[in-house]
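What follows is a single structure, written as structure tokens, with notes after it.
The values are calculated or read from the model by the stated rules, or taken from the named source; none is laboratory data. This is a predicted model, so every value here is computed, not measured. Glycine gets a Cβ as well: all are built from the backbone with ideal geometry, and neighbour counts include every protein chain shown.
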Amino acid sequence: MSKILVIAEHLDGKLNGSTARAVSAAAAVKPEAIDVIVLSDAPDAVAAEAAKIDGVSKVLTVARAENAHALAAVLAPQIAKAASGYTHVFAPSTTFGKDLAPRVAALLGVSQVSDVMTVEGPHSFKRPIYAGNAIITVEVDSASIVVATIRTASWAAAASNGSAPVEALSVDATLPSHTRFVGLQQGKSDRPDLQGAPKVVSGGRGVGSKENFDVIYKFADKIGAAVGASRAAVDAGYVPNEMQVGQTGKIIAPELYIAIGISGAIQHLTGIKDAGTIVAINKDGEAPIFEIADIGLVGDLFKILPELEAAL
Amino acid sequence: MKILVGYKRVVDYNVRIQVKPDGTGVVTDGVKLSANPFDDIALEEALRLREKGMAEEVVVVGIGPADLTAHLRNGLAMGANRAIHVQTGDAVSPLTAARTFLKLVEKEQPGLVILGKQAIDDDANQTGQMLAALWDRPQATFASKVEVADGKATVTREVDAGLETIEADLPAVITTDLRLNEPRFIKLPDIMKAKSKPIDVIELGSLGVDAADHIKTTHYAAPPKRSKGVMVKDAAELVAALKQKGLL
């Protein structure tokens, strides 16, 4: 039977929603146990949140001062040790998990299954390659531990009605001091989180400038949506990097995605193809975004957005 | 200081990928191949560090079949001092690539290894982190700014929450994100010059790397298509359509 260790992602004492998505993927393996591991200098609040996730058997906490920041070089040796006795180690395919999980896999002597979309069996998974233009089925040797990152957009978050026990774990691992945290510059926003929001409004190059992006924010606030952007808009400096949606940015699956002034490069479409309903507003009727949009509207966004706000 | 740069050849990012009807792979015959875009960024960063006097030598490394030479010549034309071609006809997993780099690192003793954060073919995003683990050295993934001074690298990383800065003692592994730099274009005289730059060819089998792959790809499929939707003529119609779906 399978026993799965899920690595919790957290920041500022709060559990990241991607963890409950990774637990959903773990549940699809139909394992005997799903344990969540929280590495932190002060894990209690995060562990209490993780303990509520449905399907979790227990939460393991590793409290060490060195775990104050999520440095892969520091966390990986502890997870590799803690993984003993488990058949699978799952992490969300966020920048946290993408940074950490391969380091864990290498310490365990295995390759990793990146971006799991579906679980076909305990050792069989589907994952995207070529920016999602092909989906492959991979089989992991049944004698090997499975280390995988979970493509969060493919999995709904497990509900939070549980009450799993929390246990402190002491891990005997020598930790390096060669990598040090300096600082984190976080986008300050009262808007919903881009990766978990049911509604997302994104702007692209067509918005034209940083100042013009205000019309996107204003519209998003009106409908209670998170705000995203295409790579072109980030590259042009209209918005910060953490708003990028696409192959190399965030992969999201909101119920409603409204793309404004985004032509729809294939790398951007990769980031939104699991969205429920895609709306495209663009002045170029030939833009590729209209090929996949459920509802399209051709026209000048600076005229249409005020009209939309008025019609709401 | 010496810098090793991973320089992978992939299907060009503009090519529309087609899955073979029998599900055994994607069509690569007659398809344009180019450097992995993240690896061009890695090479550019190494060259800039050399131009700033932080490094003396930039070495591009490719792992692949005999015809990889022309690709490595592009890296030399861009400005690398020399190339190492680890030859193999087999597909190379991220772990095998990392183990191969570890052998080269032991031999070459670089101060930095700069790799792309992912290759745009398998989108694995593993090799840099794995090399850092096996080498027991720092990793600074998804870099958007790199500063090297006093035996350490200060790296700004693009993370989901924003921009994180970490400090890593050298030697270290850095993986590049898109906004680290804009790679230079290759000029014709540089292509001529590159012809006389050395390419060391090493058989993968001779490095003593465990190339066993415990993950097998059994099937390739095209992704499910989203069908083309409807067009509306104005804002009022759009709002009505969204309200009908219960989305507003």
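Here the condition is being more than 7 Å from chain A (Cβ to nearest Cβ) and either crowded, with 23+ Cβ neighbours inside 10 Å or assigned to a strand (DSSP E or B) (or both); of B:A124, B:A133, B:A168, B:A153, it holds for B:A153 alone. Report whether or not B:R184 is free of Cβ contacts under 8 Å to residues at least 12 places away in the same chain and either surrounded by 18 or more Cβ atoms within 10 Å (Cβ to Cβ) or assigned to a loop (DSSP other than H, G, I, E, B) (or both). When the stated conditions are applied, B:R184 does not pass them.
Consider region A:288-305 and keep the residues that are charged (D, E, K, R) and either within 31 Å of the chain's Cα centre (by Cα) or buried (at least 22 other Cβ atoms within 10 Å of the Cβ) (or both). The one that is modelled with the lowest pLDDT is A:E291. Restricting A:K52, A:K30, A:K14 to residues that are assigned by TED's automatic domain parsing to the domain that holds A:V146, under 27 Å from A:Q244 (Cβ atoms), surrounded by fewer than 21 Cβ atoms within 10 Å (Cβ to Cβ) and of a type outside the set (D, E) narrows the list to A:K14.
Look at region B:156-180: where a residue is over 17 Å from B:D39 (Cα atoms) and a partner is among the acidic types (D, E) and assigned to a strand (DSSP E or B), sitting 6+ places away or on another chain with Cβ atoms under 8 Å, you get B:T156/B:E164.
In region A:198-219 there is no residue that is outside the structural domain of A:L269 (by TED's automatic domain parsing) and more than 25 Å from the chain's Cα centre (by Cα). Please work out if A:R127 is under 28 Å from A:G246 (Cα atoms), more than 7 Å from chain B (Cβ to nearest Cβ), of a type in the set (D, E, K, R) and not in a loop (DSSP other than H, G, I, E, B). Taking the combined requirement at face value, the residue satisfies it.
Listed by position, the helices (runs of 4 or more DSSP H) enclosed by region A:160-271 that each have at least 2 residues that are modelled with pLDDT of 95 or more and within 14 Å of chain B (Cβ to nearest Cβ) are A:214-223, A:231-235. Exactly one residue out of A:V171, A:V110, A:V200, A:V104 is more than 21 Å from A:R231 (Cα to Cα) and surrounded by 24 or more Cβ atoms within 10 Å (Cβ to Cβ), and it is A:V104. Screening the candidates A:A91, A:A106 for the property of being in contact with a helix residue (DSSP H, G or I) (Cβ under 6 Å, 6 or more places away or on another chain), modelled with pLDDT of 95 or more and facing chain B (nearest Cβ under 9 Å) yields one hit, A:A106. The residues of region B:210-248 that are within 7 Å of chain A (Cβ to nearest Cβ) and hydroxyl-bearing (S, T, Y), listed by number, are B:T217, B:T218, B:Y220. Go through the residues of region A:279-295 one by one and say whether even a single one is in a loop (DSSP other than H, G, I, E, B), more than 8 Å from chain B (Cβ to nearest Cβ), closer than 25 Å to B:A119 by Cα and among the small types (G, A, S). Within region A:279-295 (the criterion being in a loop (DSSP other than H, G, I, E, B), more than 8 Å from chain B (Cβ to nearest Cβ), closer than 25 Å to B:A119 by Cα and among the small types (G, A, S)), the answer is no, since none of the residues qualifies.
Filter region A:1-51 down to the residues that are β-branched (V, I, T) and farther than 20 Å from A:S163 by Cβ and list them by number. Give the steps one after another, and end with the answer.
Kept after step one, since they are β-branched (V, I, T), are these residues of region A:1-51: A:4, A:6-7, A:19, A:23, A:29, A:34, A:36-38, A:46.
Listed by number, the residues that qualify are A:I7, A:V29.
Among the candidates B:T127, B:T88, B:T156, B:T141, single out the residue that is under 30 Å from A:K188 (Cβ atoms) and touching a Gly at 6+ places or on another chain (Cβ under 8 Å).
Values: B:T127 fails: under 30 Å from A:K188 (Cβ atoms); B:T88 fails: under 30 Å from A:K188 (Cβ atoms); B:T156 fails: touching a Gly at 6+ places or on another chain (Cβ under 8 Å).
Being under 30 Å from A:K188 (Cβ atoms) and touching a Gly at 6+ places or on another chain (Cβ under 8 Å) holds for just one of B:T127, B:T88, B:T156, B:T141, which is B:T141.
When B:A236 is tested against (1) under 30 Å from A:I145 (Cα atoms); (2) outside any loop (DSSP other than H, G, I, E, B), just one condition goes unmet, and that condition is (1).
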